[in-house]
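**Student:** Quick one: the structure is below, and I'll ask about it shortly.
The values are calculated or read from the model by the stated rules, or taken from the named source; none is laboratory data. Since the model is a prediction, treat every value here as computed from it, not as a measurement. All Cβ positions, glycine included, derive from the backbone under ideal geometry; neighbour counts span all protein chains shown. With ligands, DNA and RNA removed, areas are computed over all heavy atoms of the protein, side chains included. Shrake-Rupley method; radii C 1.70, N 1.55, O 1.52, S 1.80 Å.
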Amino acid sequence: MNSIDKLINNLNKEQKDAVLSTEGPNLIVAGAGSGKTRVLTTRLIHLIDKKKAFPNQILCVTFTNKAAKEMQNRVMQNLKGSSNAIPWLGTFHSISVKLLRRHAEALEYKSNFTILDTDDQKKLIRNIVKAEDLDAKKFSPQLIMYHIDQWKNKGFLPEDVRIEKSSTIIKSILKVYKIYQAKTKDLNAFDFGDLILFSVKLFEKHKDIREIYQNNFKYILVDEFQDTNFIQNKWLNLLVNKNQNICCVGDDDQSIYSWRGAEIKNFLTFDKIYKNCKVFKLEQNYRSTKNILQTASNLISNNSNRVGKNLWSSANQGELVKLNCYRSGKEEAQGISDIIEKKIKKKYSLNDVAILVRAIYQTREFEERFLQIGIGYRVLGGIKFYERAEIKDAVSYLRIVNQKFDDLALERVIGVPKRGVGDNSINQIYSFGKKNKLSLEDSIIKLIEKGDFKPKIKTSLTQLINMIHKWRRDSLHMKHFDLLKLILDESGYSSMLKNKKDLENENRLENLKELLRAMQDYDNLQSFLEHVALATSIDQEWEGAKINLMTMHAAKGLEFDVVFLPGWEEGLFPHQKSLEEKGDFALEEERRLAYVGITRAKKEAFLSFAMKRAYHGDWMDALPSRFINEIPEESVEKNEVQINEPDDFEFNQDNTLEYDEEYRSPGWDRYKKNKLLKWKK
């Protein structure tokens with residue numbers, strides 16, 4: 001028995017069946033932690049070892065370059081150099097680049113084309129917007145790029161887009177798209193979205209080229225198939241030959257990227273498009289305990305749009321999943337940090353502990369708590385709260401209002417929103433200030449008086465200085481958080497973000513709302529600014545292990561010994577905006593996200609929700625997430641409410657709970673109705 005046969009024999013029955021079924025269309029439904037990568041890699045090795053095809057006759061598509069590299073390393077280790085490296089292993093984009101380099105002339109491009117990055121795209125779009133005399137505030141590069149990307153994901157070049165009763169904004173964006181594509185053609189350049197789209201156009205327009213690759217690729221393997229969008233799926237279908245030897249691996253229950261174009265229907269309809277498809281279900285989980293799996297499986301079973309599978313594990317029952325209720329979001333962060341300090345640190349490395357949130361702004365309360373008690377942490381897939389650009393911008397406005405000599409704060413304020421003041425003007429102001437020993441603000445005032453600025457710059461800076469002086473007067477009688485609200489509105493900063501309607505700017509607005517909430521914990525502007533300075537200047541690179549903070553989206557594909565999942569409340573999770581925009585479709589995706597979050601845990605999982613949470617600066621009563629009612633009683637330990645201050649809550653003699661009228665909300669009734677908590681002293 002050679003080493004490859006041993007590799008196959010080490011698989012479980014379902015994994016082995018999936019590896020050995022090499023012919024025809026195959027769909028491998030791989031549950032969380034079921035050894036998906038192992039199966040895909042072993043299948044690839046098996047095809048080469050049994051000489052089913054030469055390496056260059058196999059196309060293997062992954063979603064990240066990292067995954068492609070890991071797979072190639074595993075293949076080469078097991079084949080021990082007996083085969084050449086597999087040339088057609090990579091992402092949709094990297095393989096498309098290879099195809100386009102070979103056949104650029106067929107699309108009237110040169111083979112040495114440039115690939116534009118995001119900054120190149122923004123610069124090109126800004127120039128077009130300016131040349132077309134469009135309002136730069138209304139037509140931001142981000143907004144235009146979002147729509148162009150959406151069209152390209154659907155396979156539409158400008159001439160393919162059909163607008164029915166659409167707004168004038170969309171019509172103008174389509175006009176920019178037409179000019180943009182013409183410009184990129186002149187530059188002999190493709191952007192990221194073009195790579196797959198133009199490969200599809202190549203195959204559609206040139207049957208002879210398509211047939212070359214259909215005949216060449218005897219086998220096609222696809223990883224993370226549930227994350228494919230329309231154009232990626234079309235790309236695959238055009239390359240499948242008459243033998244239909246395509247094998248797609250993925251998990252429909254982990255399809256969580258519809259917001260970036262992924263279409264779960266590609267996965268759910270695969271066996272209908274390919275009639276003789278064999279479906280293999282990998283249901284044995286090698287990651288989590290039985291209680292964690294039971295919790296996740298019960299939850300996801302409430303989705304109707306799924307292939308369906310029952311995850312099981314030969315591992316032990318494990319700890320019950322903990323469900324904790326806290327009085328507020330702040331107490332939730334304190335409670336979780338206490339659990340980590342008193343219990344988790346003694347059993348696990350902090351590197352193996354993760355806090356997974358639905359929205360990135362939720363990390364703030366945890367960051368501040370960890371800073372306070374000296375626990376190391378890292379924010380994965382994101383930037384620490386007070387280091388985010390929009391937070392730095394807002395704090396800079398507050399700093400210059402607080403004291404006029406803060407030149408660095410004023411310099412940042414001048415640039416956001418853009419006021420037409422470039423580097424040359426800034427250098428002019430600094431030079432004048434240095435010569436006359438004046439602050440940046442006083443230098444601007446003197447130069448305005450002298451008439452040394454061009455009219456537009458003079459007007460812009462005069463308006464800004466007048467606003468700053470007004471805000472200083474306002475600060476004498478306004479609460480510091482109300483002052484920031486006013487500053488963001490009057491400066492045009494809020495409008496700048498609201499006019500750029502994309503996910504990134506929505507997150508920035510949410511972060512600013514969280515900043516306003518945070519400010520309420522401090523008595524005045526001075527104490528808040530001191531806190532920010534200490535939080536950003538403290539040495540956060542602690543020696544040793546760190547807790548992992550990230551969104552549930554960013555956690556996909558990762559695993560940890562212990563996972564905390566805070567904020568399981570209606571409106572936050574499932575997210576209200578998603579439900580409003582996409583209804584039941586969004587609810588199922590939110591539930592899949594919950595499933596992904598729970599199945600990241602190997603040994604212990606903690607779910608939690610708060611009775612009230614701050615939204616947009618105001619305290620709101622919170623309802624526990626509907627997902628909490630969908631998890632099984634037998635695998636969960638429900639803990640009573642954490643009440644630290646008895647002033648707001650009183651117990652009767654029979655130990656039932658009394659609460660003031662202002663705390664009465666549907667949430668209380670729901671807690672009682674569903675018996676989530678024991679009401680005892």
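**Student:** Of (1) open to solvent by 60 Å² or more (accessible area, probe 1.4 Å); (2) at pLDDT 90 or above, N644 satisfies all except one. Which?
**Tutor:** Single failed check for N644: (2).
**Student:** Please specify each residue of the stretch 485-511 satisfying the condition of being in contact with a helix residue (DSSP H, G or I) (Cβ under 6 Å, 6 or more places away or on another chain) and of a type in the set (A, V, I, L, M).
**Tutor:** I487, L488, L497, L509
**Student:** Select the helices (runs of 4 or more DSSP H) contained entirely in the stretch 432-520, then report the ones holding at least 1 residues which are hydroxyl-bearing (S, T, Y).
**Tutor:** Per the criteria, 440-450, 455-474, 493-499.
**Student:** Then there's this: Filter the stretch 162-202 for residues that are among the basic types (K, R) and either in contact with a His (Cβ under 9 Å, 6 or more places away or on another chain) or touching a residue at least 24 places away in the same chain (Cβ under 8 Å) (or both); which is least open to solvent (accessible area, probe 1.4 Å)?
**Tutor:** The selected residue is K201.
**Student:** Identify the single condition in (1) within 18 Å of L408 (Cα to Cα); (2) touching a residue at least 24 places away in the same chain (Cβ under 8 Å); (3) open to solvent by 50 Å² or more (accessible area, probe 1.4 Å) that S491 does not satisfy, given that it satisfies every other one.
**Tutor:** If we test S491 against (1) within 18 Å of L408 (Cα to Cα); (2) touching a residue at least 24 places away in the same chain (Cβ under 8 Å); (3) open to solvent by 50 Å² or more (accessible area, probe 1.4 Å), just (3) comes out false.
**Student:** To continue, here is another question. Taking K178, is it charged (D, E, K, R) and modelled with pLDDT of 95 or more? Reasoning before the result, please.
**Tutor:** Numbers: charged (D, E, K, R): yes; modelled with pLDDT of 95 or more: yes.
In short, yes.
Residue by residue, here is whether (1) among the aromatic types (F, W, Y); (2) crowded, with 18+ Cβ neighbours inside 10 Å holds:
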{"site": "T363", "(1), (2)": "no, yes"}
{"site": "Y386", "(1), (2)": "yes, yes"}
{"site": "A389", "(1), (2)": "no, no"}
{"site": "S396", "(1), (2)": "no, yes"}
{"site": "F405", "(1), (2)": "yes, no"}
{"site": "V421", "(1), (2)": "no, yes"}
{"site": "Y430", "(1), (2)": "yes, no"}
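**Student:** Could I ask something else about it? Given the criteria open to solvent by 70 Å² or more (accessible area, probe 1.4 Å) and within 30 Å of Q294 (Cα to Cα), does K66 qualify?
**Tutor:** Numbers: open to solvent by 70 Å² or more (accessible area, probe 1.4 Å): yes; within 30 Å of Q294 (Cα to Cα): no.
No.
**Student:** So K418 clears everything in (1) closer than 26 Å to N507 by Cα; (2) modelled with pLDDT under 90; (3) in contact with a Lys or Arg (Cβ under 7 Å, 6 or more places away or on another chain) except one condition, right? Which one?
**Tutor:** The number of the failed condition is (3).
**Student:** So S301 passes all but one of these: (1) touching a strand residue (DSSP E or B) at 6+ places or on another chain (Cβ under 8 Å); (2) over 27 Å from K201 (Cα atoms); (3) small (G, A, S). Which condition number does it fail?
**Tutor:** The single condition S301 does not satisfy is (1).
**Student:** I've got another one for you. Over 30 Å from S258 (Cα atoms), open to solvent by 10 Å² or more (accessible area, probe 1.4 Å) and at pLDDT below 80 - does that describe any residue in the stretch 496-511?
**Tutor:** Here is the first cut: in the stretch 496-511, the ones over 30 Å from S258 (Cα atoms) are none.
No, there is no match, as no residue in the stretch 496-511 is over 30 Å from S258 (Cα atoms), open to solvent by 10 Å² or more (accessible area, probe 1.4 Å) and at pLDDT below 80.
**Student:** Could you check, for the stretch 270-292, whether at least one of its residues is closer than 25 Å to K152 by Cβ and in contact (Cβ under 8 Å) with a residue 24 or more places away in the chain? Working first, answer last.
**Tutor:** If we filter the stretch 270-292 for residues that are closer than 25 Å to K152 by Cβ, which is where we start, we get 270, 273.
So of that shortlist, the ones also in contact (Cβ under 8 Å) with a residue 24 or more places away in the chain come out as 270, 273.
Within the stretch 270-292 (the criterion being closer than 25 Å to K152 by Cβ and in contact (Cβ under 8 Å) with a residue 24 or more places away in the chain), the answer is yes, since at least one residue qualifies.
**Student:** Looking only at the stretch 31-67, how many residues end up being within 30 Å of I300 (Cα to Cα), at pLDDT 90 or above and among the charged types (D, E, K, R)?
**Tutor:** Residues flagged as within 30 Å of I300 (Cα to Cα), at pLDDT 90 or above and among the charged types (D, E, K, R) within the stretch 31-67 amount to 3.
**Student:** Moving on to the next point. Restricting attention to the stretch 215-256, which residues are open to solvent by 10 Å² or more (accessible area, probe 1.4 Å) and outside any loop (DSSP other than H, G, I, E, B)?
**Tutor:** N215, N216, Y219, D227, F230, Q232, N233, K234, N237, L238, Q254
**Student:** Given the structure, is E159 in a helix (DSSP H, G or I), more than 21 Å from S96 (Cα to Cα) and over 28 Å from the mean Cα position of the chain (by Cα)?
**Tutor:** Criteria met by E159.
**Student:** Search the stretch 453-484 for residues being open to solvent by 80 Å² or more (accessible area, probe 1.4 Å) and under 39 Å from the mean Cα position of the chain (by Cα), and hand back the single one that is farthest from D442 (Cα to Cα). So that I can check it myself, show each step before the final result.
**Tutor:** If we filter the stretch 453-484 for residues that are open to solvent by 80 Å² or more (accessible area, probe 1.4 Å), which is where we start, we get 454-456, 458, 463, 466, 473, 476-477, 479.
When the remaining residues are screened for being under 39 Å from the mean Cα position of the chain (by Cα), the result is 463, 479.
Details: Q463: 14, K479: 27 Å.
The extreme case among them is K479.
**Student:** Scanning for something open to solvent by less than 40 Å² (accessible area, probe 1.4 Å) and either under 17 Å from L99 (Cβ atoms) or without any contact (Cβ under 8 Å) to a residue 12 or more places away in the chain (or both), does the stretch 203-210 turn up at least one residue?
**Tutor:** Yes: the stretch 203-210 contains one or more residues that are open to solvent by less than 40 Å² (accessible area, probe 1.4 Å) and either under 17 Å from L99 (Cβ atoms) or without any contact (Cβ under 8 Å) to a residue 12 or more places away in the chain (or both).
**Student:** Among the residues of the stretch 282-300, how many are modelled with pLDDT under 95 and under 19 Å from T22 (Cα atoms)?
**Tutor:** Qualifying residue count for the region: 0.
Table: residues versus (1) open to solvent by 60 Å² or more (accessible area, probe 1.4 Å); (2) out of contact with any strand residue (DSSP E or B) (no Cβ under 6 Å at 6 or more places or on another chain).
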{"residue": "D5", "(1), (2)": "no, yes"}
{"residue": "N9", "(1), (2)": "yes, yes"}
{"residue": "P25", "(1), (2)": "no, no"}
{"residue": "I28", "(1), (2)": "no, no"}
{"residue": "S34", "(1), (2)": "no, no"}
{"residue": "L40", "(1), (2)": "no, no"}
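**Student:** Please identify the pairs in which a residue from the stretch 419-430 that is farther than 16 Å from K446 by Cα has its Cβ atom under 7 Å from the Cβ atom of a residue that is surrounded by 12 or more Cβ atoms within 10 Å (Cβ to Cβ) and of a type in the set (S, T, N, Q), counting only partners at least 6 apart or on another chain.
**Tutor:** R419/S460; G420/S460; V421/S460
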